[in-house]
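In what follows, a single structure is set out as structure tokens and then discussed.
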Amino acid sequence: MTESSKITPVRLGIFGCGAVALRCHLPALALTPEVRVGALVDSDVRQAEVAAEFMAGEGLGPRPAYVGDSLDAALPHIDAALVCTAHTSHGDVAGALLRAGVHVLVEKPLTTTVAQARELARLAADTGLVVQVGHVRRLFPAAVWVERALAAGDIGEPLRVRWREGGPYTWPLASPSMWRPDLAGGGVTLEVGAHVFDLLLSWFGGEAEVTGYADDHRGGVESESLTRLTLGPVEAEVELSRLRDLGNTLEIVGSEATLRLGTRYQTEYEIIPADGGPARSGTVPVLPPAAGAWSELFAAQLRSFARAVRLGEPPLADAEDGLRTVAIAETCYADKGRGTLALQPAPAAPLPDERRAELSRLKVLVTGASGFVGARTVERLVGETDAEVVAAVRGYERLARLSALDQSRLSFAVTDIDEPAKLAESFAGADVVIHCAYGNAGEVEARWRTSVEGTRNVVDAARDAGVRRVVVVSSVSVYAPSDAETLTEDSPLLAEDPDDREYGQQKLASELIALAGAGDGPEVVVVQPTVIYGPHGPGWTVRALTRMPTDSAVLPSGDEGTCNAVHVDDVVTSLLLAATVPAAAGRRFLISGAAATSWGRFYDSYRAMLPPATAAPEAGEGLPDWERSVYGSPSAVRIDAAREVLGYQPAYDLPSGMETVRAWAERTGLLG
């Protein structure tokens, strides 16, 4: 019988039953006989019931004695608590539990202010109760191994550290608390930084001093940050992102060697001697007390907590450890560099005063608000107008980019255009809906359903909610291929083909449904952009850049092909104009740049951002038929209608638009 098996199980209350409880802590119960759940508590009783159902479905023990929303009602059933509530409530919830005589394991960050963290540390010292902080990455194999490598002098005296960690945010959230300043208390610096700063402090010791900081905060919670700090003689730079793939790498430069490794749970390492000797590399070994597998990670943390409660062992990370990381984040947030890290520049031309004033009187909802065009539309509305803005997305996890914005007039709605009931609720009170969502994932029938039936649902929900106008984002792809020199709104549309469910037919069917529904419903304006490029653009920017090293030789160059390129900010300008210009109702508007360019110059702009290709450009070979036909079209799009009715004036020509791409791509690492 092991010593752990002799421990009287801790009766645990879980406070906050969202994603981290469901995905991390509750599954760990299967490996932790030292713990039994006595209560599930959430401000949303439905979420507490979800957790209870999860436990039952996974066979994780009997139904807890209490499932509800009351801390006081839970107290008779628990000895200790796991606090997984919104970050800004950690101090109050943990403090109340400690005052009631309950030990606490608090998810990181311990609190969102130094004052609250000090109070929890004081309560722990005065009562003798355990306060453990969820710095679970101390149990990563790399965390344990690096500490031992440094102690063994494998790289000599440590001098500098560079930590880069980030990627598109995908954690499935049960609520928007991660994105709201009043609930999160901070962004990536506080959330991910809590782990990073804790490991740096545990490895190098000493007092941390923040020497520089920058982030993308614009009133909300930051998704990008860069922190410079010293830990005694060690200089550290920590770059974090919820938007960009930063490679997830750690480099520690020592007086005798440099250590490089990944920051994820399982990783490889390399030690490069400073004297040019042979490098050593391999897989980071699992050394005690590191968890041997990801599935054991949170079980090991719970086991540490149980042993601290029952046996008096030191917790994995205590209140003083949590206080130090909170102090770093608080210092960062007071730095003059807050809000200076901009991934995308301001638009070249602001909205006309009349249109800005009109939008500022409205409530505007944007569907597909996490996408390329939708997200930029929300950013522009928040930044340039006083409109009340609702960003509608399929899941809360999609809101990382928008979370940095000022949220005094911005709210988030999780809805699905495939589900009319959810749409009707989200549209309540809206004056204008800008419909950017479409089917861009899954099989063709799923894409058709989202694009076409989704548009029908949007128009129906707008009618039911009393929305005044719907602006539908369509595409130039609705027009029939032609050898004509110009393309206008009077050019022939594609012939409807029930057997063709691809993009052009999806957009055409969506247009027809929207315009037909305008008779007894909202006014409808259809905007038909051409080739949209710009920062964050997935197709004509990111894919164009990433395919260049392999496809440069077969993509157009020079004067080849007619390209109707339009910068994303010009497209957004057209949408905002279409939202308010009275004469736009019931019409279609082609939107492109001021003048057509060539496909060759379009791709040459990307070639100029990258190292020279190994092969000389030679267009036309190795391309799929659909792409060859796109590059072969001779038609230049005319935007006369948009100019005359909307007052649309493109602000970007190709060189100025591509300069915004170059600056963004350089910042995001796309240029190497």
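Cα gyration tensor of segment 200-282, axes a ≥ b ≥ c as square roots of the eigenvalues: rounded (a/c below 1.5), prolate (a/b > b/c) or oblate? Oblate is the answer for segment 200-282, as a/c is 1.5 or above yet b/c matches or exceeds a/b. Compared with the dominant principal axis of the Cα atoms in the chain, helix 454-465 is inclined by about 80°.
Taking the C-alpha atoms only, the angle from helix 654-668 to the longest principal axis of the chain is near 10 degrees.
In this calculation the C-beta distance from residue 63 to residue 546 is compared with R0 = 56 Å, giving a FRET efficiency of 0.65.
Charge dipole of the chain (Cα centre as origin; +1 on each Lys and Arg Cβ, -1 on each Asp and Glu Cβ, all else neutral): 1160 debye, rounded to the nearest 20. Taking every C-alpha pair closer than 8 Å and separated by at least 6 residues, the mean separation divided by the residue count of the chain gives a relative contact order of 10 percent. The protection proxy used here, the mean number of other Cβ atoms lying within 10 Å of each residue, ranks peptides 475-486, 178-189 as follows, highest first: 178-189, 475-486. The simple Förster model, with R0 at 35 Å and r as the Cβ-Cβ distance, assigns residue 640 and residue 360 a FRET efficiency of 0.75.
Residues whose amide H falls under 5 Å from that of residue 434, counting only those 5 or more places apart or on a different chain, are 365, 366, 367, 471, with hydrogens built in the peptide plane. Extending 7 Å from the Cα toward the beta-carbon at both residue 663 and residue 157 defines two label points whose distance is 4.2 nm. The string of couplings for segment 229-235 from the Karplus curve (6.51, -1.76, 1.60, θ = phi - 60°) is 8, 10, 10, x, x, 8, 9 Hz, one whole number per residue in order, with x for Gly and Pro. For the pair residue 485 and residue 553, a Förster radius of 30 Å applied to the C-beta separation gives a FRET efficiency near 0.55, rounded to the nearest 0.05. Peptides 573-580, 170-177 ranked from most to least packed give 573-580, 170-177, packing being the mean of other C-beta atoms within 10 angstrom over each peptide's residues. Under the combined filter of DSSP loop state and at most 13 neighbouring Cβ atoms within 10 Å, segment 486-554 retains these GluC sites (Glu not before Pro): 496, 502. A cut-off of 5 Å between modelled amide H atoms, ignoring neighbours fewer than 5 places along the same chain, links residue 341 with 215, 216, 217. Taking 0.36 nm per residue of separation and subtracting the current Cα-Cα distance, fully stretching the chain between residue 419 and residue 500 would add 26.7 nm. In whole Å, what is the distance between the alpha-carbon centres of segment 357-383 and segment 246-260? What the calculation gives is 42 Å, centre to centre.
Candidates 608, 534, 548 compared by Cα position along the dipole of segment 520-672: farthest toward the positive end lies 534, with charges placed on Cβ. If a spin label sat at a point 7 angstrom from the Cα of residue 464 along the line to its beta carbon, the backbone N atoms of segment 505-523 nearer than 15 Å would be those of 521-522. Our summary of shape: the Cα atoms of segment 341-465 have principal axis extents of 40, 32, 23 Å, ordered from largest down, in whole angstrom.
Loop-located GluC sites (Glu not before Pro) in segment 105-210 (DSSP state other than H, G, I, E, B) with a sparse environment of at most 16 neighbouring Cβ atoms within 10 Å: 207. Each residue of segment 85-102 was assigned a 3J(HN,Hα) from its phi angle through the Karplus curve 6.51 cos²θ - 1.76 cosθ + 1.60 (θ = phi - 60°); the sequence is 6, 4, 3, 5, 8, 3, x, 5, 5, 5, x, 4, 5, 4, 5, 8, x, 10 Hz, with glycine and proline shown as x. Database remark: amide H of residue 81 closer than 5 angstrom to the amide H of 13, 103, 104, 105 (H placed geometrically; neighbours at sequence offset of 5 or more, or on other chains; Pro and chain starts carry no H). Look at where the Cα atoms of segment 399-477 and of segment 71-95 average out, and the two centres are 37 Å apart.
Shown for the chain: lysine pairs separated by 8 or more places, or found on different chains, whose C-alpha atoms are under 29 Å apart, numbering 4. Based on the alpha-carbon gyration tensor of the chain and its eigenvalue square roots a ≥ b ≥ c, which shape applies: rounded if a/c is under 1.5, prolate if not and a/b is larger than b/c, or oblate? Prolate, since a/c reaches 1.5 and a/b exceeds b/c.
Take the Cα of residue 516, step 7 Å toward its Cβ, do the same at residue 96, and the gap between the two points is 5.5 nm.
Helix 114-127 and the long axis of the chain differ in direction by around 30°, with both axes built from C-alpha atoms. Centroid-to-centroid, using Cα positions, segment 501-527 and segment 621-655 are 21 Å apart. Working ranking of peptides 244-254, 275-285 by packing, defined as the average number of other Cβ atoms within 10 Å per residue, highest first, is 244-254, 275-285.
Throughout, read-outs are computed from the coordinates displayed, never taken from laboratory work. Since this is a predicted model, take the numbers as computed values, not measurements. Here Cβ is always computed from backbone atoms with ideal geometry, including for glycine, and neighbour counts include all displayed protein chains.
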